[in-house]
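First up is the structure itself, then whatever we jot down about it.
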Amino acid sequence: MKGKRLSRRDFLAAGSGAAAATLLGVPRPGESSDQPSSRVVLVRHENVLGEDGQEDSAVLHEMLNRAVKALMGETEAAAAWRRLISPSDVVGIKTNVWKFLRTPPALENAIREEVLAVGVRPEDVAIDDRGVPSNPVFQRATAIINTRPMRTHHWSGLGTSIKNMIMFVPRPADYHGDACAPLGAIWNLPEVKGKVRLNVLVMLTPQFHGVGPHSYSPKHVWPYRGLIVGTDPVAVDATGARIIQAKRDLFFGEERPISPPPHHIEIAGERYGLGVSDPAQIELVRLGWMEEALI
Amino acid sequence: MQASSAAIGVLVCGGLMACSGDGPAGDDLEGVRAALPMEVAGWRAVDDGEVYDSESIFAYIDGHAEVYLAYGMRRCLARRYIGPQGEADIVVDLFELDSAANAYGVFTHDRDGEAVDVGQGALLRPGWLSFWKGPWFGSIYAEGESEASLIAVNALAHAAADAISVEGEAPDLVGELPADGLDPRSVRFLHTWEILNSALFVGGENIFSLSSETDAVLGRYRREGGEGWILLVEYPDEATASVAEENARGGGYESRRDGKRLALVLKPATPELADNLLVNALGGAR
């Protein structure tokens with residue numbers, strides 16, 4: 001079904017029948033033609049970054065749980081996480097360790113704590129990025145939680161939740177043609193298909209422009225202090241892309257389209273059925289501090 | 001490959017290349033390494049630097065290495081300089097390309113910034129200075145900004161350019177772009193479809209048959225109240241140029257061919273502008 005990332009069959013196959021019944025109650029792409037079909041939560045907190053730029057672990061963890069509760073329509077974080085993960089799951093937390101802008105370890109640990117709190121055995125949880133193909137937990141994973149910072153990228157326009165699965169393929173460069181249009185295909189590989197239960201796009205200090213061999217300059221990140229959370233990676237990335245584009249236009253004082261265009265986001269929805277990118281089809285829930293939210 | 005093993009490999013390789021003479025004319029990498037000062041403006045080198053080849057570069061530059069490989073990168077000398085207390089590090093990356101034309105091409109890959117007088121052309125943006133000289137492309141990157149680091153970036157750039165003794169020529173094709181309405185800062189020299197798309201997104205299918213065997217120059221024009229681009233391509237032979245011309249016309253692109261050269265107009269504001277741009281392309285009336 002177009003836009004329905006996690007099918008009932010996929011979820012039942014993972015041995016989580018009771019959880020599946022409730023999970024499928026979450027607004028889903030394609031359920032209604034006149035309603036938003038994917039829910040995305042933008043949560044921000046003014047104090048998540050200290051004056052030194054370091055994350056406040058407690059605030060970050062609170063932001064994560066607040067977003068997950070809103071996403072799943074629960075009042076308690078534990079209940080929300082139980083609708084995403086079951087105790088019998090083997091969980092790979094796919095992170096991103098790019099040296100200039102990595103997923104904060106504090107966020108990785110917060111996700112791991114919540115997964116363990118659901119009842120998943122410690123030996124059935126792993127956090128990894130470049131080692132995922134050979135990581136024994138990822139090799140037998142029934143569930144993946146996908147988290148990375150959003151940044152501009154030389155070949156794909158943006159480094160996105162969708163792109164974060166590229167480490168599952170042996171030759172990432174094979175996907176660089178046509179501005180990485182086929183990235184969504186990776187989500188249909190057996191190692192990934194139907195397994196990604198949650199996407200946490202880190203917008204604490206997103207990068208809106210890249211320069212030089214290392215594609216990074218401190219001038220081109222800013223303290224947005226947010227997370228974008230959702231089960232639909234296309235909707236999550238499309239929401240993040242709108243913020244990056246707004247920041248670029250603001251910073252450069254003119255329209256400065258993301259280049260190359262991050263059309264892999266839209267294509268992931270339209271060609272690979274991973275979700276929806278049209279803002280009209282996305283229910284955006286805003287939580288917390290919203291000054292200069294740009295969206 | 002780890003940087004350290006790459007460095008060891010290059011020590012051997014450098015010797016071999018010196019013996020065989022297989023490499024760009026002029027400075028060899030070890031000569032440039034030796035000539036590059038270990039201390040500049042208060043910034044001190046951590047060591048004499050790591051050397052990366054076309055394989056190990058992927059471990060050093062995550063996601064961007066293909067740009068340099070598309071321009072015939074042979075090796076990269078990377079040296080980190082530590083600043084005085086409270087100052088950020090500065091990273092010097094010197095890429096050895098297979099020709100001066102390709103060094104120029106890499107330099108044109110990002111043309112933002114203020115022109116400064118280093119090497120044969122240089123641009124300074126916040127925290128980053130790039131330059132080209134002979135078959136070398138230089139990148140001087142400050143991991144944080146201050147008045148002192150800006151001075152050091154400039155000093156390191158001059159020192160790096162001085163360490164390279166040879167100069168080279170920009171590609172002849174660049175001079176073939178019509179001057180009328182050309183934005184000089186938009187000019188890019190390139191070979192492959194991927195690099196074209198990163199400069200100006202055209203589409204997924206390589207209908208112009210660009211490859212490492214083709215030379216191309218791209219320029220933006222502002223004329224008659226509109227904007228458009230000329231892509232001038234030189235193919236290895238007329239047959240390839242002819243196929244590309246046919247494909248381009250099939251794709252709805254205005255084009256004009258002269259032997260193995262093909263001029264294309266991309267994203268013109270109006271059909272009239274496309275026609276007018278083609279009139280001057282390839283140096284003559286249509």
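The values are calculated or read from the model by the stated rules, or taken from the named source; none is laboratory data. Owing to the predicted nature of the structure, the values given are computational and were not obtained by experimental measurement. We place every Cβ from the backbone using ideal geometry, glycine too, and count neighbours over all the protein chains shown. These area figures cover heavy atoms from the full protein model, side chains too; ligands, DNA and RNA do not enter into them. Shrake-Rupley method; radii C 1.70, N 1.55, O 1.52, S 1.80 Å.
The single residue among A:P279, A:P262, A:P257 that is open to solvent by 60 Å² or more (accessible area, probe 1.4 Å), under 18 Å from the mean Cα position of the chain (by Cα) and within 30 Å of A:N188 (Cβ to Cβ) turns out to be A:P279.
The rows are residues; the columns are (1) of a type in the set (A, V, I, L, M, F, W, C); (2) away from chain A (no Cβ under 14 Å).
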position	(1), (2)
B:G175	no, yes
B:I207	yes, no
B:E234	no, yes
B:V243	yes, yes
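Is it the case, given these coordinates, that B:P126 is on the phi < 0 side of the Ramachandran plot and either buried (at least 20 other Cβ atoms within 10 Å of the Cβ) or not assigned by TED's automatic domain parsing to the domain that holds B:A35 (or both)? Considered against the rule, which asks whether it is on the phi < 0 side of the Ramachandran plot and either buried (at least 20 other Cβ atoms within 10 Å of the Cβ) or not assigned by TED's automatic domain parsing to the domain that holds B:A35 (or both), B:P126 comes out as no. Here the condition is being farther than 15 Å from B:D62 by Cβ and open to solvent by 10 Å² or more (accessible area, probe 1.4 Å); of A:V196, A:V115, A:V169, A:V202, it holds for A:V169 alone.
The number of residues in segment A:91-126 being assigned to a helix (DSSP H, G or I), in contact (Cβ under 8 Å) with a residue 40 or more places away in the chain and either among the hydrophobic types (A, V, I, L, M, F, W, C) or within 14 Å of chain B (Cβ to nearest Cβ) (or both) comes to 5. In segment A:139-165, of all residues being part of a helix (DSSP H, G or I) and open to solvent by 10 Å² or more (accessible area, probe 1.4 Å), the one that is farthest from the other protein chains (Cβ to nearest Cβ) corresponds to A:Q139.
Is one or more of the residues making up segment B:222-231 at positive phi and in the same structural domain as B:R188 (by TED's automatic domain parsing)? There is at least one residue in segment B:222-231 that is at positive phi and in the same structural domain as B:R188 (by TED's automatic domain parsing). Reported count of residues in segment B:104-118, each being part of a loop (DSSP other than H, G, I, E, B), touching a helix residue (DSSP H, G or I) at 6+ places or on another chain (Cβ under 7 Å) and within 14 Å of chain A (Cβ to nearest Cβ), is 1.
For segment B:79-90, the tally of residues that are open to solvent by 10 Å² or more (accessible area, probe 1.4 Å) and within 14 Å of chain A (Cβ to nearest Cβ) stands at 5. Among the conditions (1) in a strand (DSSP E or B); (2) away from chain A (no Cβ under 14 Å); (3) more than 18 Å from B:A152 (Cα to Cα), the only one that B:W132 does not satisfy is (2). Residues in segment A:50-69 that are buried (at least 19 other Cβ atoms within 10 Å of the Cβ), of a type in the set (A, V, I, L, M) and over 15 Å from the mean Cα position of the chain (by Cα): A:L60 alone.
Residues checked against (1) open to solvent by less than 10 Å² (accessible area, probe 1.4 Å); (2) among the hydroxyl-bearing types (S, T, Y):
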{"site": "B:V233", "(1), (2)": "yes, no"}
{"site": "B:S255", "(1), (2)": "yes, yes"}
{"site": "B:P271", "(1), (2)": "no, no"}
{"site": "B:A274", "(1), (2)": "yes, no"}
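Would you call B:A59 within 14 Å of chain A (Cβ to nearest Cβ), under 16 Å from the mean Cα position of the chain (by Cα) and not in a loop (DSSP other than H, G, I, E, B)? It is false that B:A59 is within 14 Å of chain A (Cβ to nearest Cβ), under 16 Å from the mean Cα position of the chain (by Cα) and not in a loop (DSSP other than H, G, I, E, B).
Which residues, counting only those in segment A:204-224, are out of contact with any Pro (no Cβ under 8 Å at 6 or more places or on another chain) and either touching a residue at least 60 places away in the same chain (Cβ under 8 Å) or in a loop (DSSP other than H, G, I, E, B) (or both)? Across segment A:204-224, the qualifying residues are A:F208, A:H209, A:G210, A:V211, A:G212, A:P213, A:H214, A:S215, A:Y216, A:H220, A:P223.
Every residue in segment A:173-188 that is within 8 Å of another protein chain (Cβ to nearest Cβ) and either open to solvent by less than 40 Å² (accessible area, probe 1.4 Å) or in contact with a Lys or Arg (Cβ under 7 Å, 6 or more places away or on another chain) (or both), please. Write out each step before concluding.
Here is the first cut: in segment A:173-188, the residues within 8 Å of another protein chain (Cβ to nearest Cβ) are A:173, A:176-179, A:181.
Hits for segment A:173-188 are A:H176, A:G177, A:D178, A:A179, A:A181.
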